Amino acid sequence: MNRSFIKVMICSFFLIAFSCREKQDEKHDSPIENAKWWKEAIVYQIYPRSFKDSDGDGVGDLQGIIQELDYIKSLGVTAIWLNPIYTSPNADNGYDVSDYRDIMKEFGTMADFDSLLAGMHQRDIKLVMDIVVNHSSDEHEWFKQSRSSRDNPYRDYYHWWPAEKGEPPYRYSLFDAKGDAWQYDSITDAYYLHYFAKKQPDLNWSNPKVRQEVYDIMKFWADKGVDGFRLDAFQFAAKNTTYPKFPDGFESDFIQYYAMQDGLHGYLKEMNEEVFSQYDVMSVAEGAGRNFEDAHKLVDQNRNELNMAYAFEGVDIPKYEGYDLKTMKDVFTKWDKEFAEDGWLSIFLANHDQARMVSRWGNDSDEFRSASTKLLNTFILSMRGTPYCYYGDELGMTNIDFDSISQYQDIAAINGYQKAVSEGEDMELFMKKLNFGSRDNGRTPMQWNNSEHAGFTNGKPWLPVNDNYVDINVEDENADQNSVLNHFREMTRLRKQNPVLVYGVYELVAPEHPDIYAYTRILDDKMALILLNFSEETSEIKLKDEWDNHSILINNYSDVEFFENSVKMRPYQAIIFNIER
Ligand code: NOJ
């Protein structure tokens, strides 16, 4: 293509969409070395409490998900990660399990689970379960037994510190209102350990009986046919409970002291032998350790531990004060490079522990919400690593605007507030930060249509629906060819049709560009060029001569403006070019 004149190339979005659809069902028989279904998977994360309520109690449930399986299929995703659905008193919305072999009452029954799994498999969608075994609920039978007497057979299922030994060595709790991870229990005059809330006592992984219990639980679900496990907080499972003192202030960098303690890799190898190697299941760890070396030890193929991990450095970038694109490029690029040869990672910008993607990474104003969400979805679905897309981000759902602590439901927000008050923090600033970053932002009910409660429930939703459901919802976006939703579908189609987007080598382009994140993906003779303008201003980027022969695979605007040998990108414009080589 001759780019020596100023020209505006109007590319028909509809034409592209049409040609994509034609190829939709083409299969690719991957000639790629080390190709795996879980590398090619596109995972859709569902927070069941907030997805769809079928019985009017205001809480999402399994029947609700079943009702929407065709919608989920229509997204082009190939797997679902379900946040915990086990019996739980819900101190931390299911991350406090009191029975690992049964379904939370609000969510339904085991029969509902079986029909959900069958319905998913009929549609070629895989299921990844959340396995929460760093801790259980204090209402789990194991803990009830354990706390009942010092010589109970379950005593060593948890970490206890007898009071006669004096105060236990200080440990920080992420969710405790006082920040103390040791809870005194008068029944046996001893303290138990809880890195999270006091209703989440930590399991003692050095006890082989605990490990065997967990493997049996995982086999129970694998025998039912689930396709993968996400290991919650597992990097903390091995613990150093006795080292007398961590340095003052260690809690601000607790990962350095809590993650990857002695024994952890042994447990993972054992779990791999007992469970993962016996089934065709994928495994992903929450957390990738303290550094690259830790992360490699978790996921490198020859280690026989896990398939992949979520590294948090990326998702921790956006702050209430904003973030710098250069940092984003540096972080995502260095993680990609580090795992280019061995190991595999997840790619995500949001989950149930984060505020909404577009409100943190993009621009949720009326003017730019749609374009910037499309840009972020283009990013997630064109990077190397298994993409995890959080429910509602396919629509551009945004943060909700809570201004009083009484509106929050999340234990981390409520206890964090109490701790901040007792420590005399600047509460105005605290509330602003909470408003920006609280997990409740990411947990508001799914917006299905513009009827009352966004079609999520006939009852009173457990967490308020965002008022913007009247504009941002599935029904309206289905009908709009240019919606965020239909763009998302195009992106999943593209990723599935183009192995270069899954396996291609990633190379950052124009690292110093302040507005545009540009990179190439190359696989054999295939090359894709991805241009993402992260700014609300028009911005230009030069194309290299060798990219002269290009065509557009996807674009979140209806045209592309070329200027001499540059592309003039509109605010939040996101384009993927196919480059002929
Ligand atoms: C990590 C989970 O993602 C989070 O939601 C939960 O609160 C903690 N682990 C404790 O289980």
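The values are calculated or read from the model by the stated rules, or taken from the named source; none is laboratory data. Bear in mind that the values here come from a model prediction, so they are computed numbers and not experimental data. Cβ placement follows ideal geometry from the backbone for every residue including glycine, while neighbour counts extend to all protein chains displayed. Accessible surface areas use protein heavy atoms only, side chains included; no ligands, DNA or RNA. Shrake-Rupley method; radii C 1.70, N 1.55, O 1.52, S 1.80 Å.
For this structure, a couple of remarks:
- Residue 151 - accessible surface, heavy atoms, 1.4 Å probe, Å² rounded to 10: 130
- Model label points for residue 99 and residue 436, set 7 angstrom from Cα along the Cα-to-Cβ axis, are 4.4 nm apart.
- For the chain, leaving out every one of the GluC sites (Glu not before Pro) that falls in a DSSP loop and has at most 15 other Cβ atoms within 10 Å, the longest unbroken run is 34-312.
- Here the simple spin-label model places points 7 Å from the Cα toward Cβ, and for residue 340 and residue 551 these points are separated by 2.9 nm.
- Per residue accessible area of the range 504-579, 1.4 Å probe, in Å²: 39
- Remark: the range 328-475 carries a charge dipole of roughly 260 debye about the Cα centre, counting +1 on each Lys and Arg Cβ and -1 on each Asp and Glu Cβ.
- Taking the helices alone, the chain has a mean residue ellipticity at 222 nm of -8000 deg cm²/dmol, built from -39,500 (n - 2.57) per DSSP H run of at least 4 residues and averaged over all its residues.
- Considering only beta bridges that DSSP places wholly inside the chain, some 65 percent are antiparallel.
- Computed from Cα atoms, the angle from the helix 325-338 axis to the main principal axis of the chain rounds to 70 degrees.
- Restraint check, 39/239; 334/544; 36/209, Cα-Cα greater than 25 Å: 39/239; 36/209
- Alpha-carbon geometry of the chain: the Rg and the Dmax are 24.2, 84 Å, given in that order.
- Restraint check, 73/219; 178/269; 198/245, Cα-Cα greater than 24 Å: 73/219; 178/269
- Angle in degrees between helix 208-224 and the longest Cα principal axis of the chain, rounded to the nearest 10: 40
- Among 109, 78, the order of accessible area from largest down is 109, 78, computed with a 1.4 Å probe on protein heavy atoms.
- Segment residue 475-residue 291, length gained on full extension (0.36 nm per residue, minus Cα span): 61.9 nm
- C-alpha long axis of helix 411-422 to longest principal axis of the chain, angle in °: 70
- Alpha-carbon centroid distance for the pair the range 393-428 / the range 224-276, whole angstrom: 28
- Alpha-carbon centroids, the range 99-150 and the range 525-568: separation in whole Å: 47
- Projecting label points 7 angstrom from Cα along Cα→Cβ for residue 34 and residue 255 puts them 2.3 nm apart.
- Of the whole protein surface, residue 88 contributes about 20 Å² of accessible area at a 1.4 Å probe radius.
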